[in-house]
Ligand SMILES: [Mg+2]
């Protein structure tokens, strides 16, 4: 499925989680590696990339699994690359139901820079709104 | 338009065959202005629906359409998955909850639910008329339903609407990155939408209620 929870053994449950969604599993994993290098284990993190057959693309089940893996009661910020990654992420978020979906944000920010900046913000215990706003400052 | 359980299974088989037959063409259209996977994605989606066709056809029509939409979302992937999935799921939700086999008595029974479903697709894709998407087929097809046009006319309308996306410049999706170079190529989503519409209309032309 090309989705993986890049879960630390004991992330702070208070910190916002980060999900990375790319058409390419290599890009998604690489971006997650950069996030992990930046913030270590203190932020829940998961990535997903590729279609159901493992080719370039995105798929809802993979995104849903990544959201579960990075789930935090503080919320989850999702970073996407191209169009289908965004709309498939929207479908995955809606399937969480209204209560949990309200705690997930799909960020309008560049995938790599956005995820790294957001994770840095999240590692300090910021709220989901603050994490998202900080990442979205990259896309004026 | 009399839709019984057997009809729905037959329609699914027909749509799957149509997409299978034209898969290479759809991917070629997508290669010209996108990433070349539309045929493979649509085939994967329709195969998954086809595999479930008997269980789907046993459901009340609204639930059946919602299920088809969900299976499409989970299997097509790409940009088309959320669009086709939203179309079918919202169409199912827009029908009366207890609509069953045979309850859709005429094409205009579908016009209002389809209008709602198309509006949901437009919101999902943040698109409108003239953006060179499958919406450019869906809007005129829905208008034909409002006019109570016969199935053959609706199919012809769908085909010509898909052709009419050729001269459009893409404003959504990957094709929009090409700017003016997207002009001159038929949109693959509009093309698959016209193929499916024509296949469904062909079925209803052959199986008119007597
Ligand atoms: Mg494509």
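Observations on the structure shown:
- Per-residue average of Cβ from other chains inside 10 Å of A:45-52: 2
- Per-residue ellipticity at 222 nm computed for the protein assembly as shown from its helices equals -18500 deg cm²/dmol, with DSSP H segments shorter than 4 residues left out and the rest contributing -39,500 (n - 2.57).
- Counting neighbouring beta carbons within 10 Å and listing from fewest to most, the residues B:43, B:208, B:159 come out as B:208, B:159, B:43.
- Label positions at residue B:6 and residue A:108, each projected 7 Å from the Cα along the C-beta direction, are separated by 5.3 nm.
- Taking B:53, B:16, B:126 in turn, the Gaussian network model of chain B (Cα-Cα springs below 10 Å) assigns the largest fluctuation to B:126.
- Förster-model FRET efficiency, 35 Å R0, residue B:63 and residue B:25, C-beta, rounded to 0.05: 0.60
- Folded to 0 to 90 degrees: helix A:60-69 orientation relative to chain A principal axis, Cα: 30
- Highest-fluctuation residue, B:79, B:198, B:162 considered, GNM on chain B with Cα pairs under 10 Å: B:79
- DSSP bridge analysis restricted to the protein assembly as shown gives an antiparallel fraction near 20%, rounded to the nearest 5.
- Shielding value for B:22-34 is 0, the average number of Cβ atoms from other chains within 10 Å of each residue's Cβ.
- Per residue of A:91-97, other chain Cβ atoms within 10 Å of the residue Cβ number 3 on average.
- Those residues of region B:111-129 whose amide nitrogen sits under 19 Å from the label point placed on residue B:171, 7 Å along Cα→Cβ: B:118-129
- Between the alpha-carbon centres of region B:132-154 and region B:156-172 there is a gap of 13 Å.
- Legend: P(r) of region A:13-101 from all alpha carbon pair distances, 5 Å bins from 0, whole percents, reading 3, 17, 27, 26, 16, 9, 2.
- Cα pair count fraction exceeding 35 Å, expressed as % - the protein assembly as shown: 27
- Each part reduced to its alpha carbon centroid, region B:15-87 and region A:13-59 end up 27 Å apart.
- Cβ-based exposure ranking for B:135, B:59, in which fewest neighbours within 10 Å come first: B:59, B:135
- The angle between the Cα long axis of helix B:135-146 and the longest principal axis of the Cα atoms of chain B comes to about 30 degrees, rounded to the nearest 10.
- Taking the average, over residues, of other Cβ atoms within 10 Å as the packing measure, peptides B:29-35, A:20-26 rank A:20-26, B:29-35 from highest down.
- Between residue B:205 and residue B:123, the FRET efficiency from the beta-carbon distance, with R0 = 41 Å, is close to 0.80.
- DSSP bridge orientation in chain A - percent antiparallel, rounded to nearest 5: 20
- Note on region A:69-110: Rg/Rh from C-alpha atoms, Kirkwood Rh, equals 0.95.
- Listed from fewest to most Cβ neighbours within 10 Å, the set B:141, A:112, A:80 follows the order A:112, B:141, A:80.
Rule-based calculations on the coordinates, nothing more; no lab input. Predicted, not measured: the structure shown is a model, and the values here were computed from it. Glycine also receives a Cβ, built like all others from the backbone with ideal geometry; neighbour counts cover every protein chain displayed.
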